[in-house]
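> Got a structure for you, written out below as structure tokens; questions coming shortly.
The values are calculated or read from the model by the stated rules, or taken from the named source; none is laboratory data. Predicted model only: the values in this text are computed from it and were never measured. Cβ sites come from the backbone with ideal geometry, for glycine too, and all protein chains shown count toward neighbours.
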Amino acid sequence: MMKIYDYELSVNCYKQRLLLGILGVPYESIPVDFFPGWEHKGEAFAEINPLGHIPVIDDDGYILRDAQAILVYLALRYDPSGLWYPVTDPRVAGEVASWMAFAEGTTNTASAARLHDTLGYPFDIDTVRAGAQKLFRVLDDHVWFHEQQERPWVASAPHPTIADLALFPDVMLSEQGGISLLDYPALRRWTDRVKHIPGFTVMSGIFPAPAGAAPAGAAPGGATVGRPR
Amino acid sequence: MAVSDTATMGTPSCTDPVALHEWYPISALVEITPGLVHRTQLLGGAISYTRTPGGSRPVVWPSGGEASGAEVDGLAVDHQLPVRVKFGYVWTTLGRPEHELFDIAECDEADRRIQNGGSIMVATSAPRAIENFLDMGHFPYVHTGILGAEPRTEVLEYDVEVTDEEILATRCLFFQPQAALSASDGQMTEYVYRVPHPYCVMLYKSVPTDASRMDVIALFCQPMTEERVRAHNFLCMVDAVNSDTALKRFQQLIFGQDKPILENQSPRRLPLDPRAETPIRADKSSISYRRWLSAKGLTYAVIPATAPSPTPAPTPAPTRSS
Ligand SMILES: N[C@@H](CCC(=O)N[C@@H](CS)C(=O)NCC(=O)O)C(=O)O
Ligand SMILES: [Fe+2]
């Protein structure tokens, strides 16, 4: 069975759990003592990932690191619909790749702010917060513009893609790094749409959408009802 | 580091004698690197800490200009603060406490799994964190499917005893789908809650695999400022199966669910006036806790009641019928 080297409070590990849940792929979570144990920086873990980062997956002996890379692999390997990473449309595929690269930026800023404020990581908090706000401004404008064109997702496909999943956790947990979503109304609407994707699962600190009305255009194929895990 | 304003230098902003003359946890001992400076905040002032070369003795002092991560010889530090090592944590004080720290008898049992489940900073006051920990009513809504589940949301009547030393709530019963990592099924779980320190709380809950024993989980709060806390999650479990990492993960999953709830409470300091908040939050143990803090005369990280509180505090009337 697929294994994930995993930490509950990691947004980058959560992205993988989120996609696997949506795709209905069973997996085994191998808990890494990321905090307070720093296990991912230890010698034993260096054999698995010399960069000292999680997540890493082990799919039947195939080992892959890097949150965005793993999303690509999982979508291509386990999504028969081909919608989550739509490679047949070169423009959409290009957009997905571009927003996946953008997610690396939110990890270095919004995630960093949260690690500083919550676990005491020694980042310069003003710098990382300002960096996150700059990126969120770009993303909020983009999502607002897409909404005007009746495109509910970050790529211009009519359904969500792995780019939405790559960006969602950092946006959702940004308040824990002192970045208020009050300034980003389009992002708040978009996170609400993500929460209504069938198969959506939560991580600690993220709560499900309140039961009741689903936002328009929430799910691929127009289905809007969440599926219990 | 962005931590450079004068408020973070070595002078505490706290003038409350009750808070000053108290012991506080600042770190798990094993998480301190010998010979290197670690920095944190206590009662509004910056403190630094290290372990002596060889690692045996923790040393704590009000911060000067030294940077976090710099090398330091603990033996050569002037102005050392008093230190205790207990439950695996380093405790210190900015005052002169006349009492020692409370005990947890279970820690002496040989098969206990004792560790720091994680020291996590939360943008709230220490008393808000303690009060949330005491409240079973939030389990179904915040720890859905784990520590509670709808529709079994009822908190049954329980007993509260208050002395000068501590608050003890007993016979607390709640239905839990997954009471601990070692639980395989839903069960009625019995809790005992104990508050032996203004900012420390522990719970004793029946062990799913051995009804005669109780797991001990504690929240030891380090008040960094009045509205910011570092919550040290202490675990003292009976579990022969799960790894330390898995036990920590379960605890962090639970505490990570509480964190945004705590951070969205307003005001961040805990109001001690009994009329300040709706009875929903103010259940029996919470009312007792607020009165107990008032009776101690604590003013740090709370909003004191305007009228002086009568001492000794009368036993609170039950607020839930059952
Ligand atoms: N692992 C613990 C979780 C304990 C914990 O840390 N929770 C705090 C934050 S809510 C609390 O309120 N305790 C209730 C409880 O632990 O059941 C359990 O099994 O109960
Ligand atoms: Fe809780």
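> Identify all residues within region B:156-207 that are more than 25 Å from B:P127 (Cβ to Cβ) and either modelled with pLDDT of 95 or more or among the acidic types (D, E) (or both); write none if there are none.
The answer is B:D185, B:E190.
> Would you pick out the residues in region A:122-135 that are closer than 26 Å to B:Q252 by Cβ and at pLDDT 95 or above?
A:F123, A:D124, A:I125, A:V128, A:R129, A:A132
> A further question follows. Restricting to region B:38-69, give me the number of residues that are within 19 Å of B:P12 (Cα to Cα) and assigned to a strand (DSSP E or B).
Residues that pass the stated criteria total 14.
> Would you check if B:Y158 is touching a strand residue (DSSP E or B) at 6+ places or on another chain (Cβ under 6 Å), of a type in the set (S, T, Y) and within 15 Å of ligand 1 (Cβ to nearest atom)?
Yes.
> Among the residues of region B:76-91, is any small (G, A, S), over 22 Å from B:V195 (Cα atoms), away from ligand 1 (no atom under 16 Å from the Cβ) and outside the structural domain of B:S243 (by TED's automatic domain parsing)?
yes
> For region B:95-116, does any single residue satisfy the condition of being under 14 Å from the mean Cα position of the chain (by Cα), within 28 Å of B:F174 (Cβ to Cβ) and within 13 Å of ligand 1 (Cβ to nearest atom)?
yes
> Would you confirm whether or not region B:109-121 contains a residue that is within 16 Å of ligand 2 (Cβ to nearest atom), surrounded by fewer than 22 Cβ atoms within 10 Å (Cβ to Cβ), over 15 Å from B:I217 (Cα atoms) and among the acidic types (D, E)?
Checking region B:109-121: not a single residue is within 16 Å of ligand 2 (Cβ to nearest atom), surrounded by fewer than 22 Cβ atoms within 10 Å (Cβ to Cβ), over 15 Å from B:I217 (Cα atoms) and among the acidic types (D, E).
> Where residues in region A:91-130 are in a helix (DSSP H, G or I), acidic (D, E) and without any contact (Cβ under 8 Å) to a residue 60 or more places away in the chain, which of them is farthest from B:S119 (Cα to Cα)? Full working, then the answer.
So the first thing to find is which residues in region A:91-130 are in a helix (DSSP H, G or I), and the list is A:91-119, A:125-130.
Still in the list and also acidic (D, E): A:95, A:104, A:117, A:126.
Cutting the leftovers down to without any contact (Cβ under 8 Å) to a residue 60 or more places away in the chain gives us A:104, A:126.
On the way: A:E104: 27, A:D126: 23 Å.
Out of the qualifying residues, it is A:E104.
Residue by residue, here is whether (1) within 24 Å of A:A75 (Cα to Cα); (2) part of a helix (DSSP H, G or I); (3) of a type in the set (V, I, T) holds:
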site	(1), (2), (3)
A:A132	no, yes, no
A:H146	yes, yes, no
A:R151	yes, no, no
A:G212	no, no, no
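> Only one residue in B:Q251, B:Q265 is within 14 Å of B:E131 (Cα to Cα), within 16 Å of ligand 2 (Cβ to nearest atom) and of a type in the set (S, T, N, Q), so which one is that?
Numbers: B:Q251 fails: within 14 Å of B:E131 (Cα to Cα).
The unique qualifying residue is B:Q265.
> Right, something else. Conditions first: (1) assigned to a helix (DSSP H, G or I); (2) farther than 29 Å from A:H159 by Cβ. A:D33 passes all but one, so which condition is the exception?
Exception for A:D33: condition (1).
> Out of region B:134-154, which residues are in contact with a helix residue (DSSP H, G or I) (Cβ under 6 Å, 6 or more places away or on another chain) and within 12 Å of ligand 1 (Cβ to nearest atom)? If you could, list the steps in order and put the result at the bottom.
Kept after step one, since they are in contact with a helix residue (DSSP H, G or I) (Cβ under 6 Å, 6 or more places away or on another chain), are these residues of region B:134-154: B:134, B:142-143, B:147-150, B:153.
Those that are in contact with a helix residue (DSSP H, G or I) (Cβ under 6 Å, 6 or more places away or on another chain) and within 12 Å of ligand 1 (Cβ to nearest atom): B:L134, B:V142, B:H143, B:L147, B:G148.
> Let me ask you something else. List every residue pair whose Cβ atoms sit under 8 Å apart, with the two residues 6 or more apart in sequence or on different chains, where the first one lies in region B:150-166 and is more than 27 Å from B:G297 (Cα to Cα) and the second, anywhere, is part of a loop (DSSP other than H, G, I, E, B) and charged (D, E, K, R).
Filtered contacts from region B:150-166: B:V155/B:D283; B:V155/B:R320; B:E157/B:R320.
> Does B:L203 satisfy the criteria of being near ligand 1 (Cβ under 10 Å from one of its atoms) and in a strand (DSSP E or B)?
Spelling it out, B:L203 is indeed near ligand 1 (Cβ under 10 Å from one of its atoms) and in a strand (DSSP E or B).
> Here's another thing I want to ask about it. Any idea which residue in region A:156-176 is surrounded by the most Cβ atoms within 10 Å (Cβ to Cβ), counting only those that are assigned to a loop (DSSP other than H, G, I, E, B) and of a type in the set (G, A, S)?
So, considering only residues that are assigned to a loop (DSSP other than H, G, I, E, B) and of a type in the set (G, A, S), the one surrounded by the most Cβ atoms within 10 Å (Cβ to Cβ) is A:A157.
> Yes or no: region A:123-132 includes at least one residue that is more than 10 Å from chain B (Cβ to nearest Cβ) and within 17 Å of the chain's Cα centre (by Cα).
Yes; the residues of region A:123-132 include at least one that is more than 10 Å from chain B (Cβ to nearest Cβ) and within 17 Å of the chain's Cα centre (by Cα).
> Taking the condition of a type in the set (S, T, Y) and modelled with pLDDT under 95, does B:T225 pass? Step through it out loud before you land on a result.
Working: of a type in the set (S, T, Y): yes; modelled with pLDDT under 95: no.
No, not satisfied.
> Related question: Here are some residues: B:E98, B:E66, B:E71. Which one is surrounded by 15 or more Cβ atoms within 10 Å (Cβ to Cβ) and out of contact with any helix residue (DSSP H, G or I) (no Cβ under 6 Å at 6 or more places or on another chain)?
B:E66
> Only one of these conditions is not met by B:P223: (1) in contact with a Ser or Thr (Cβ under 9 Å, 6 or more places away or on another chain); (2) within 13 Å of ligand 1 (Cβ to nearest atom). Which number is it?
Every condition holds for B:P223 apart from (2).
> Right, B:S212: more than 16 Å from ligand 1 (Cβ to nearest atom), away from chain A (no Cβ under 14 Å) and in a strand (DSSP E or B) or not?
Here the answer is yes, as B:S212 does meet what is asked.
> If you don't mind, another one. How many residues does region B:225-248 contain that are in contact with a Lys or Arg (Cβ under 8 Å, 6 or more places away or on another chain), away from ligand 2 (no atom under 16 Å from the Cβ) and more than 10 Å from every other protein chain (Cβ to nearest Cβ)?
The number of residues fulfilling the criteria is 6.
> Hey, among B:L156, B:L181, B:L173, B:L168, which residue is within 26 Å of B:L101 (Cα to Cα) and either away from ligand 2 (no atom under 13 Å from the Cβ) or away from chain A (no Cβ under 14 Å) (or both)?
Residue meeting the stated conditions: B:L168.
> Restricted to region B:122-139, and to residues that are more than 10 Å from ligand 2 (Cβ to nearest atom) and within 13 Å of chain A (Cβ to nearest Cβ), which residue is surrounded by the most Cβ atoms within 10 Å (Cβ to Cβ)?
B:T124
> Next up: Within region A:15-43, work out how many residues are of a type outside the set (D, E) and either more than 22 Å from A:Q68 (Cβ to Cβ) or within 11 Å of chain B (Cβ to nearest Cβ) (or both).
Going through region A:15-43 one residue at a time, the tally reaches 11.
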